[in-house]
Amino acid sequence: MTFETWRSTAAAGRTALLGLAVACLFGLGATASAAARANRPIEVRVVVVTTWEVIRDGKDLRGELYAWRTKWPMKTEMPFPVGVHPLLYDPQRHVLAVLTGMATARASASTMALGLDPRFDLRHAYWVLAGTAGVNPKVASAGSTAWERFVVDGDLGQEIDARDIPADWPTGMIPNGRLHPYELPAPAAHTDDGNTAYALNPALADWAYARTRDIHIPDDQALAKARAPYAGPGARPPFVLEGDGLMSARFWYGDHMTAWAEQWVPYWTGGKGVFAMSAEEDTGVMQALSLLAKAGKVRLDRVLMLRAGSDYVAAPPGLSAAEFIAREAKEGLPANRQALEALYQVASPVVRALADDWAHTREVVPGSRPH
């Protein structure tokens with residue numbers, strides 16, 4: 001081999017080795033990039049919040065989550081060991097559904113657990129709670145759905161048994177920091193005693209209501225029978241409205257409790273709130289979201305809450321509160337099935353609009369004024 005041949009062969013070898021090294025580096029880089037993408041949190045567009053489900057022998061029979069599983073459908077199930085039920089996910093629309101469990105404590109704990117889950121990026125996500133409730137017959141009817149503007153806690157406060165209250169008191173429920181029911185001025189909604197009321201984003205609630213107000217909620221004989229004894233809004237066929245929620249970890253019934261709720265809600269909202277729906281979880285969800293928002297993990301201006309009336313909070317004329325409880329314990333909630341159907345019918349187009357218009361809704365909250 002001549003010197004020139006040797007030099008040419010050596011140069012070719014060096015070039016080949018350099019190419020191999022560059023290819024390896026690019027390969028390692030691509031692998032690292034793919035791994036980084038695989039480990040990147042999922043950017044969720046909408047979280048659907050549900051609160052109860054009937055599950056027997058591992059089979060999902062009915063509840064607030066059922067329609068999202070079967071009609072949307074969300075077919076991907078993800079483990080959620082710190083919650084009460086696995087998460088459901090739609091990878092095409094990036095919509096996640098959580099079942100919180102019933103009442104304030106479970107709702108707050110489940111929401112906080114989801115908000116801290118490293119698998120998800122929820123910084124731009126919208127939260128849409130869709131749950132059943134008791135409905136105030138002075139405001140709406142069984143089967144109707146209400147987009148909430150305020151949610152008020154009905155458990156926080158001081159209480160005197162009804163047998164001990166002074167004769168001139170309308171209720172035994174006294175706000176923390178006050179000596180009489182509804183004493184003015186009302187305390188601040190957020191104090192060391194607790195967070196008693198939350199105002200949701202009114203522009204977003206108005207936007208959701210505007211999109212759904214003309215939805216026809218199916219009526220049937222069962223709904224007609226349930227509303228027949230009532231008058232006014234409680235006697236109307238089901239409809240979509242804007243109204244507010246009173247949250248309590250206990251079920252309550254009757255005219256006197258309804259009268260309390262009708263005053264408790266406006267008391268804590270500066271006269272702006274109107275009691276429409278009685279439920280359990282919304283203030284618990286808002287408590288968790290408020291703390292998560294402080295940590296920069298969620299946005300409070302992206303929360304929607306929808307409730308559908310599965311029964312009335314006050315008995316029809318001629319029936320006592322105790323008799324009303326006994327009848328529902330025996331016969332069940334008269335509009336439970338219809339309320340579940342109405343929830344999905346009204347909430348799903350809003351969830352779909354938020355997820356599908358992500359090019360805009362990721363940065364701009366619907367209903368907000370452009371800067």
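For the range 303-352, residues that are within 21 Å of VAL54 (Cβ to Cβ), in contact with a Gly (Cβ under 8 Å, 6 or more places away or on another chain) and in a loop (DSSP other than H, G, I, E, B) total 1. The residues of the range 327-347 that are hydrophobic (A, V, I, L, M, F, W, C) and either under 17 Å from ALA228 (Cα atoms) or modelled with pLDDT of 95 or more (or both), listed by number, are LEU333, ALA335, ALA339, LEU340, ALA342, LEU343, VAL346, ALA347. Among the numbered conditions (1) modelled with pLDDT under 95; (2) in a loop (DSSP other than H, G, I, E, B); (3) under 30 Å from GLY309 (Cβ atoms), the only one that MET1 does not meet is (3). Annotation note: of TRP207, TRP127, TRP169, the sole residue that is in contact with a strand residue (DSSP E or B) (Cβ under 6 Å, 6 or more places away or on another chain) and among the aromatic types (Phe, Trp, Tyr) is TRP127. Please indicate, with yes or no, whether at least one residue in the range 263-280 is within 19 Å of the chain's Cα centre (by Cα), closer than 16 Å to ALA105 by Cβ, in a helix (DSSP H, G or I) and of a type outside the set (Lys, Arg). No, the range 263-280 contains no residue that is within 19 Å of the chain's Cα centre (by Cα), closer than 16 Å to ALA105 by Cβ, in a helix (DSSP H, G or I) and of a type outside the set (Lys, Arg). Put simply, of ARG327, ARG302, ARG307 the only residue that is surrounded by fewer than 18 Cβ atoms within 10 Å (Cβ to Cβ) and not aromatic (Phe, Trp, Tyr) is ARG327.
Given the criteria part of a helix (DSSP H, G or I), closer than 18 Å to VAL346 by Cα and touching a residue at least 40 places away in the same chain (Cβ under 8 Å), does ALA222 qualify? For ALA222, the condition - part of a helix (DSSP H, G or I), closer than 18 Å to VAL346 by Cα and touching a residue at least 40 places away in the same chain (Cβ under 8 Å) - is not met.
So that you can scan it fast, the table gives a plain yes or no per residue for (1) crowded, with 19+ Cβ neighbours inside 10 Å; (2) under 23 Å from GLN345 (Cα atoms):
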{"position": "GLY245", "(1), (2)": "yes, yes"}
{"position": "ALA249", "(1), (2)": "no, no"}
{"position": "TYR253", "(1), (2)": "yes, no"}
{"position": "MET257", "(1), (2)": "yes, no"}
{"position": "TRP260", "(1), (2)": "yes, no"}
{"position": "TRP264", "(1), (2)": "yes, no"}
{"position": "LYS272", "(1), (2)": "no, no"}
{"position": "SER278", "(1), (2)": "yes, yes"}
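Going through the range 144-165 one residue at a time, which ones are under 20 Å from VAL351 (Cα atoms) and among the small types (Gly, Ala, Ser)? Passing the criteria: SER144, ALA146. From THR104, THR100, grab the single residue that is touching a His at 6+ places or on another chain (Cβ under 9 Å) and of a type outside the set (A, V, I, L, M, F, W, C). Matching residue, one of THR104, THR100: THR100. ARG56 meets each of the listed conditions (1) more than 28 Å from PRO366 (Cβ to Cβ); (2) touching a residue at least 60 places away in the same chain (Cβ under 8 Å) apart from (2). Quick check, is THR283 under 14 Å from ALA133 (Cβ atoms) and hydroxyl-bearing (Ser, Thr, Tyr)? It is true that THR283 is under 14 Å from ALA133 (Cβ atoms) and hydroxyl-bearing (Ser, Thr, Tyr). In the range 162-174, the count of residues that are closer than 25 Å to ALA315 by Cα, modelled with pLDDT of 95 or more, out of contact with any Gly (no Cβ under 8 Å at 6 or more places or on another chain) and among the hydroxyl-bearing types (Ser, Thr, Tyr) is one or more. Taking the range 171-209 as the range and being free of Cβ contacts under 8 Å to residues at least 24 places away in the same chain and either under 30 Å from PHE239 (Cβ atoms) or of a type in the set (Lys, Arg) (or both) as the test, only ARG178 passes.
As a summary of the residue check, SER110 satisfies the conditions (1) in contact with a strand residue (DSSP E or B) (Cβ under 7 Å, 6 or more places away or on another chain); (2) without any contact (Cβ under 8 Å) to a residue 24 or more places away in the chain except for the one numbered (2).
The values are calculated or read from the model by the stated rules, or taken from the named source; none is laboratory data. Computed from a predicted structure; not experimentally measured. Cβ atoms come from the backbone with ideal geometry, glycine included; neighbour counts cover every protein chain shown.
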